[in-house]
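Undergrad: One structure coming up, written as structure tokens, with questions to follow.
The values are calculated or read from the model by the stated rules, or taken from the named source; none is laboratory data. Just so you know, these numbers come straight off a predicted model, no measurement behind them. Don't worry about glycine lacking a Cβ; one is built from the backbone with ideal geometry, like all the others, and counts go over all protein chains shown.
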């Protein structure tokens, strides 16, 4: 017999969990005690639960396995709720363990009591409260299974603190087999037949393609079948952006030419994406509910196929397995018009990635920094990108390669940048890790920089400091010109703040600083932060404040 807390940690070990993120709390103190003896699990103490949940999500993005976060009851769980939302929006497996009040106090509005099924029920795939320690092993196994199956997502497990002291039989349960939905051979053949006949096909690739095998299969299909590839929001690293078959990254606020050109396609093949509103540019690539062209949709969860778009061919199948099966078929010579279509599709992004440095009176144009980073960053770097208008420069100008990793939140949550970079450096200690974050995002989770200093993680952080919450300021200028309120920021000296944390701090204040400072920062043996005094006039990669006001 053993404490349920010990069985829980044994279950984690048997599920191959190597790292958990936490803010310690008295409601699961016995689990922390059990982890003291679990030498194979790295316990990362984060500074705030939201930052820790982001780290667990980034860890899952890099491994394809569930990220694990432990938080205490009440306030700890509420701080971590942002991670549950991001995991759902990004289709990332996350298991959140939450301490709870003792069983005898449930339903009495006890100190820090929260009804977790009601609180998380609309966001999580499953929310369960373990009332009996003898049921803990099977509950954990089911939690990990559900987090990974179908559309991956968050599972929340509530742990009454007295339950964790139950004496139960061991050992804990390990992972069961995960069913992978393989494509039907006849359906793969039908995809091939439709590609043969199409003059202007486009393949929209999504995050379920994921890791190295999926990226290799995506490239093999694109090259063999001569299909341009468009990448879903914040999955720009799935396919080399300099490849002649790369079309574009489907992000927010794209110029209309992207939508108009791609809608000339006569076949849309969506693989590994749920085809949400950003990827489809407001449900217009393809058009909902009846696309102009035939739509083939491949996704492992049947409930996501056909609910928004009339779909000609639906495959509830794994994206990588489907691409691999298609790549094994012999591809014929494409129709005569395919070469012209490939050139037009590629020009969407290629023409806009050409960049001549621009000067501004109110600071450095952030695109100048991104353009130079793209020249000097490692070919296998991990790039953590926070949310905000500054990120449009990265999505427009950074030449992502499939050998690199982009960590960004499809949910658009600010504050992911530094936590994602920390998790990236923990998981990939031999790779260069670079973080791009706006001043607003840094204010939200910049305290997690101390984890990087504590762990001697050599992350390199570039803060775009334009003293504004840029995305909302852009919308203000567009919709309510001359009525700016609540979007100006009073910022600290970010470089000095980095030094106070124990990291190296640098500043870029002029174009002449860029190459020297970037080189010095990347050479630091440890964490470093570069404060870039950026132009507010050049508020985003596709517009300026002057243009917004004119329009």
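Undergrad: Restricting attention to the range 520-547, and to residues there that are out of contact with any strand residue (DSSP E or B) (no Cβ under 9 Å at 6 or more places or on another chain) and not in a loop (DSSP other than H, G, I, E, B), which single residue is surrounded by the fewest Cβ atoms within 10 Å (Cβ to Cβ)?
TA: Here the residue is 546.
Undergrad: Given (1) more than 20 Å from the chain's Cα centre (by Cα); (2) buried (at least 16 other Cβ atoms within 10 Å of the Cβ), where does residue 302 come up short, assuming only one miss?
TA: (2)
Undergrad: Can you spot a residue in the range 208-222 that is in contact (Cβ under 8 Å) with a residue 40 or more places away in the chain, in a loop (DSSP other than H, G, I, E, B) and buried (at least 22 other Cβ atoms within 10 Å of the Cβ)?
TA: Looking for residues that are in contact (Cβ under 8 Å) with a residue 40 or more places away in the chain, in a loop (DSSP other than H, G, I, E, B) and buried (at least 22 other Cβ atoms within 10 Å of the Cβ), one finds none in the range 208-222, hence no.
Undergrad: Of all residues in the range 274-301, how many are closer than 18 Å to residue 236 by Cα and either touching a helix residue (DSSP H, G or I) at 6+ places or on another chain (Cβ under 7 Å) or not assigned by TED's automatic domain parsing to the domain that holds residue 249 (or both)?
TA: Matching residues across the range 274-301 total 3.
Undergrad: Do we find that residue 191 is within 30 Å of residue 239 (Cβ to Cβ), in contact with a strand residue (DSSP E or B) (Cβ under 7 Å, 6 or more places away or on another chain), not assigned by TED's automatic domain parsing to the domain that holds residue 21 and not in a helix (DSSP H, G or I) in this structure?
TA: No; evaluated as a whole, the condition is false for this residue.
Undergrad: One residue is enough: does the range 98-112 have a residue meeting the conditions farther than 15 Å from residue 23 by Cβ, in contact (Cβ under 8 Å) with a residue 12 or more places away in the chain, crowded, with 18+ Cβ neighbours inside 10 Å and touching a helix residue (DSSP H, G or I) at 6+ places or on another chain (Cβ under 8 Å)?
TA: yes
Undergrad: So, one more: Taking interchain pairs and intrachain pairs at least six residues apart, which have beta carbon atoms under 6 angstrom, with the first residue in the range 148-176 and outside the structural domain of residue 57 (by TED's automatic domain parsing) and the second part of a loop (DSSP other than H, G, I, E, B) and modelled with pLDDT of 95 or more?
TA: As it stands, the answer is 175/15, since those pairs meet every condition given.
Undergrad: Any idea which of 234, 194 is at positive phi and modelled with pLDDT of 95 or more? Don't jump to the end; show me each part of the working.
TA: Working: 194 fails: at positive phi.
One residue alone meets the criteria, 234.
Undergrad: For the subset of the range 256-284 comprising residues that are part of a helix (DSSP H, G or I), touching a residue at least 12 places away in the same chain (Cβ under 8 Å) and more than 25 Å from the chain's Cα centre (by Cα), which member is surrounded by the fewest Cβ atoms within 10 Å (Cβ to Cβ)?
TA: Ranking the candidates gives 257 first.
Undergrad: Report yes if residue 226 is surrounded by fewer than 24 Cβ atoms within 10 Å (Cβ to Cβ), within 22 Å of residue 335 (Cα to Cα), modelled with pLDDT of 95 or more and out of contact with any strand residue (DSSP E or B) (no Cβ under 6 Å at 6 or more places or on another chain), otherwise no.
TA: Criteria met by residue 226.
Undergrad: Is the range 154-166 home to any residue that is loosely packed, with under 15 Cβ neighbours inside 10 Å, out of contact with any strand residue (DSSP E or B) (no Cβ under 6 Å at 6 or more places or on another chain) and closer than 30 Å to residue 54 by Cβ?
TA: Within the range 154-166, not a single residue is loosely packed, with under 15 Cβ neighbours inside 10 Å, out of contact with any strand residue (DSSP E or B) (no Cβ under 6 Å at 6 or more places or on another chain) and closer than 30 Å to residue 54 by Cβ.
Undergrad: Suppose we keep only residues that are assigned to a helix (DSSP H, G or I) and free of Cβ contacts under 8 Å to residues at least 12 places away in the same chain within the range 468-512. Which one would you say is surrounded by the most Cβ atoms within 10 Å (Cβ to Cβ)?
TA: 476
Undergrad: Which residues, counting only those in the range 119-150, are part of a loop (DSSP other than H, G, I, E, B) and either surrounded by 23 or more Cβ atoms within 10 Å (Cβ to Cβ) or in contact with a helix residue (DSSP H, G or I) (Cβ under 6 Å, 6 or more places away or on another chain) (or both)?
TA: Once the filter is applied, which keeps residues that are part of a loop (DSSP other than H, G, I, E, B) and either surrounded by 23 or more Cβ atoms within 10 Å (Cβ to Cβ) or in contact with a helix residue (DSSP H, G or I) (Cβ under 6 Å, 6 or more places away or on another chain) (or both), the range 119-150 yields 123, 124, 125, 130.
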